[in-house]
Amino acid sequence: MGIPHLISTLEPFAVHGLLENQSVVIDGPALAYHVLHVCNRNGVALPSYQLLGDVAVAWLDELSCRRVNVEAIYFDGHLPLAKRPTRMERMAKSFGQLQLAYAADTKGRARTNFSSAADKFTTSELFSVKPMLGRPFLPPSFHVPAVIDALKLSPQYQSRVCLVPGEADAFCAQHLLKSGGTVLTSDSDLLAHGLGQGRVIFFRDVYLDGDSRLACASFSPSIICERLALQSSDQICRFAYERRQDPNLSISQIVQECSKPVDDVTLYEEFCKEYLHHEVAVLPLHSSGRSLQISWLDPRISELVLQFGQSNNADDITQESIFLPILIEDPSRGSAWEQTTTLRQLAYTVLRQIIPCRTSSVYEYRRVNNATQKGRKLDLMHKALADGFSEGLVNLMAEIEKTVRDNLELSWLLFCLIIDVRYCSENGQQSHMLQILQRAPQITNSNKISWGVIHFVARLHAAYYSLRILYQILCLVPAQEVAPSLHGLLASLPSLPKLPDMGRVIELLLEPQDAQIMAIVAKIVPLPEHSEQVPPAATWSKKSKHSREGRVTKKKKNSLGGNSHVSRNPFDLLLQKDDE
């Protein structure tokens, strides 16, 4: 999270040299944000997931070329309860930035903000120190898991990726304390950890020198303590504490404070907890009693899985929650996560089947306006309803594949589109995605990408990611244990680097197959001009063939309040209408 002014205070003690012939561990989230910074610095405000992954691998390849051995790349898999307020504050800040971007130009964003397939960076551009032009836009919604995907698809780095049941910086610190070496990060917090003889290098301080060699500035907490005549290397934590308490103190004044007893012992002990006593979550147990592995989950999904594992703990009084990534969407419209709520509801229900626990609902945080806001409550499905919905999803793809053969990209686009259209029809709403599809030629031929198209892509990506949540949860156990047909279907879901980006979605909207898309959607879901109502999603199973042919059924309204009653219609809002 960072300690303000700590790096600048210790700058005089940095050692400048070459970054070569050494072993390093990497703070994964910091790497992902540095890769985003590289893209921004080279004029790409909103890079595609493919570009982010390519840049991450290329950056690490440059280290390998200089005989830098990457031992591990750690990613957060658990969010300590004490860090939730900070997460909420950051989400609120991000949503505020989105609102400001919309208010600055309600017509849309310039096409130049988005990356193109031709974007590639040279070595000098990867390590450029030139200042960024203008203020950066919001990060792509799934950019951290996209970088993880790219690294896992790389034969050279896939074994180095470690998603851990704690915070990445803590595991980096433990690695250095045990084995020595260097950590690459952007987080000044690592200077306050006990690192033994380990060193810290910040991404911003890695650059090409005049001879095109990779150079850096490094910080060694143990050597810094010696030079400051602090009693032991552990006192770097005390030094960091005093810097945070008073950012106006000089170095000599901070050292003087470190020689005195702490003014507020309770406050100091609370500060030290984060750096000297690392919180690690216990891996959840399957009903068979074996531990479930989280190493290949996305960070936000891992956080929820670990919460489910702790929910049977008598001392645990927290409500299971998931912080959905902030989408690049039109903030004047409803959340783009809404139309695929039921997919995630199914995922959370499957998770309870895998991890027997007391959990009956999950709170989703989508758009956050302030740090005290409550999430959106989703009650879990009854097993029979979940099984019927799972079967319906499999049947839907089978029906799509009858028309679309050997084109996975189009099949998944149609799958996500139909789920959206069906949800809107059943809830008496106009489908924004359908409107954009119908008007594509008029709204995509412009120097700007309208907020309507941006919202279309956000809803498409929300559907993809909701399916990804479902698939990763299913993969916690062998395929034959839970919903094997659904598991098999989702196995072909594209990785995040292969997710259609803004440019590719616009291409798809303008291609001649656009008319084919409309015809397939109309065949599976009666469109408004053909029918005022459509069958509920629960009737997607094979037993209800006539419902797919357009039989009109009465829409069952959900009268759920705060109780745990679940509607028979998975596409009804099985939610409380409080905060999003």
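The values are calculated or read from the model by the stated rules, or taken from the named source; none is laboratory data. The structure displayed is predicted, hence computed values, not measured ones. Glycine also receives a Cβ, built like all others from the backbone with ideal geometry; neighbour counts cover every protein chain displayed. Keep in mind that these areas ignore ligands, DNA and RNA; they rest on the heavy atoms of the full protein, side chains included. Shrake-Rupley method; radii C 1.70, N 1.55, O 1.52, S 1.80 Å.
Name the one entry in Y471, Y465 that is free of Cβ contacts under 8 Å to residues at least 24 places away in the same chain and under 22 Å from R300 (Cβ atoms).
So the residue among Y471, Y465 that is free of Cβ contacts under 8 Å to residues at least 24 places away in the same chain and under 22 Å from R300 (Cβ atoms) is Y471.
Please find, within the stretch 259-290, the residue that is nearest to E242 (Cα to Cα) out of those that are open to solvent by 60 Å² or more (accessible area, probe 1.4 Å) and either of a type in the set (G, A, S) or touching a Pro at 6+ places or on another chain (Cβ under 6 Å) (or both).
The extreme case among them is S259.
Within the set of pairs 6 or more residues apart or between chains, which connect a residue that is open to solvent by 20 Å² or more (accessible area, probe 1.4 Å) and modelled with pLDDT of 80 or more inside the stretch 514-530 to a residue that is of a type outside the set (A, V, I, L, M, F, W, C) and assigned to a loop (DSSP other than H, G, I, E, B) with Cβ atoms less than 8 Å apart?
Filtered contacts from the stretch 514-530: A522/H530.
Would the stretch 369-377 turn up any residue that is under 28 Å from the mean Cα position of the chain (by Cα) and assigned to a strand (DSSP E or B)?
yes
Does the stretch 128-157 hold any residues that are of a type in the set (F, W, Y) and in contact with a strand residue (DSSP E or B) (Cβ under 8 Å, 6 or more places away or on another chain), and which are they?
If the condition is that a residue be of a type in the set (F, W, Y) and in contact with a strand residue (DSSP E or B) (Cβ under 8 Å, 6 or more places away or on another chain), then F137, Y157 are the ones that fit.
Which pairs do you get when a residue that is on the phi > 0 side of the Ramachandran plot, found in the stretch 188-201, comes within reach of a residue that is outside any helix (DSSP H, G or I), reach meaning Cβ atoms under 9 angstrom, with the pair 6+ apart or on two chains?
Listed pairs, sorted by first residue: G196/G180; G196/S233.
Give the residue, chosen from L508, L460, that is assigned to a helix (DSSP H, G or I), within 23 Å of E401 (Cβ to Cβ) and modelled with pLDDT under 90.
L508
Quick one: I294 ticks every box in (1) loosely packed, with under 13 Cβ neighbours inside 10 Å; (2) of a type in the set (A, V, I, L, M); (3) in contact with a Ser or Thr (Cβ under 7 Å, 6 or more places away or on another chain) except a single one, so which number is it?
Unmet for I294, out of (1) loosely packed, with under 13 Cβ neighbours inside 10 Å; (2) of a type in the set (A, V, I, L, M); (3) in contact with a Ser or Thr (Cβ under 7 Å, 6 or more places away or on another chain): (1).
Take the stretch 410-431 and flag every residue that is in contact with an Asp or Glu (Cβ under 8 Å, 6 or more places away or on another chain) and closer than 24 Å to Q99 by Cα.
S431
Please enumerate the residues belonging to the stretch 234-258 that are over 40 Å from the mean Cα position of the chain (by Cα) and exposed (fewer than 12 other Cβ atoms within 10 Å of the Cβ).
S252
Residue-wise test of (1) among the acidic types (D, E); (2) open to solvent by 10 Å² or more (accessible area, probe 1.4 Å); (3) within 18 Å of I469 (Cα to Cα); (4) out of contact with any strand residue (DSSP E or B) (no Cβ under 9 Å at 6 or more places or on another chain).
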{"site": "L304", "(1), (2), (3), (4)": "no, no, yes, no"}
{"site": "S311", "(1), (2), (3), (4)": "no, no, no, yes"}
{"site": "G388", "(1), (2), (3), (4)": "no, yes, no, yes"}
{"site": "E391", "(1), (2), (3), (4)": "yes, yes, yes, yes"}
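Taking I400 as the residue in question, decide whether it is under 20 Å from Y471 (Cα atoms), at pLDDT below 95 and either assigned to a loop (DSSP other than H, G, I, E, B) or more than 20 Å from the chain's Cα centre (by Cα) (or both).
yes
I want to confirm something. Restricting to the stretch 317-339 and keeping residues that are open to solvent by 10 Å² or more (accessible area, probe 1.4 Å) and hydroxyl-bearing (S, T, Y), which single residue is nearest to A371 (Cα to Cα)?
Per the criteria, the residue is T318.
Across the stretch 468-497, what is the total count of residues that are open to solvent by less than 40 Å² (accessible area, probe 1.4 Å), of a type outside the set (S, T, N, Q) and in a helix (DSSP H, G or I)?
Number of matching residues: 11.
For the condition surrounded by fewer than 21 Cβ atoms within 10 Å (Cβ to Cβ), of a type in the set (K, R), in contact with a strand residue (DSSP E or B) (Cβ under 8 Å, 6 or more places away or on another chain) and over 25 Å from I328 (Cα atoms), what is the one hit in R160, R204?
Going through R160, R204 in turn, just one is surrounded by fewer than 21 Cβ atoms within 10 Å (Cβ to Cβ), of a type in the set (K, R), in contact with a strand residue (DSSP E or B) (Cβ under 8 Å, 6 or more places away or on another chain) and over 25 Å from I328 (Cα atoms): R160.
Condition first: modelled with pLDDT of 90 or more, hydroxyl-bearing (S, T, Y), under 18 Å from L493 (Cβ atoms) and buried (at least 20 other Cβ atoms within 10 Å of the Cβ). Can you find one or more residues in the stretch 410-425 that meet it?
Looking through the stretch 410-425, none of the residues is modelled with pLDDT of 90 or more, hydroxyl-bearing (S, T, Y), under 18 Å from L493 (Cβ atoms) and buried (at least 20 other Cβ atoms within 10 Å of the Cβ).
Would you be able to say whether some residue in the stretch 442-451 is without any contact (Cβ under 8 Å) to a residue 12 or more places away in the chain and either outside any loop (DSSP other than H, G, I, E, B) or crowded, with 23+ Cβ neighbours inside 10 Å (or both)?
yes
Please give the number of the condition M132 fails out of (1) over 20 Å from G2 (Cβ atoms); (2) of a type in the set (A, V, I, L, M, F, W, C); (3) in contact (Cβ under 8 Å) with a residue 40 or more places away in the chain.
So the condition that M132 fails would be (1).
Of all residues in the stretch 207-223, which are more than 21 Å from G181 (Cα to Cα), touching a strand residue (DSSP E or B) at 6+ places or on another chain (Cβ under 8 Å) and exposed (fewer than 15 other Cβ atoms within 10 Å of the Cβ)?
D209
Show me the helices (runs of 4 or more DSSP H) entirely contained within the stretch 20-130 in which 1 or more residues are among the small types (G, A, S) and surrounded by 22 or more Cβ atoms within 10 Å (Cβ to Cβ).
28-41, 49-65
I'm trying to understand the selection: among the residues of the stretch 74-91, which are of a type in the set (G, A, S) and modelled with pLDDT of 95 or more?
G77
Suppose the filter is open to solvent by 10 Å² or more (accessible area, probe 1.4 Å) and out of contact with any helix residue (DSSP H, G or I) (no Cβ under 8 Å at 6 or more places or on another chain); does E226 pass it?
yes
Here is a check on your reading of the model: is H455 touching a Leu at 6+ places or on another chain (Cβ under 6 Å), modelled with pLDDT of 85 or more and in a helix (DSSP H, G or I)?
It is false that H455 is touching a Leu at 6+ places or on another chain (Cβ under 6 Å), modelled with pLDDT of 85 or more and in a helix (DSSP H, G or I).
Please go through the stretch 279-296 and pick out each residue that is part of a loop (DSSP other than H, G, I, E, B) and of a type in the set (A, V, I, L, M).
If the condition is that a residue be part of a loop (DSSP other than H, G, I, E, B) and of a type in the set (A, V, I, L, M), then V280, A281, V282, L283, L292, I294 are the ones that fit.
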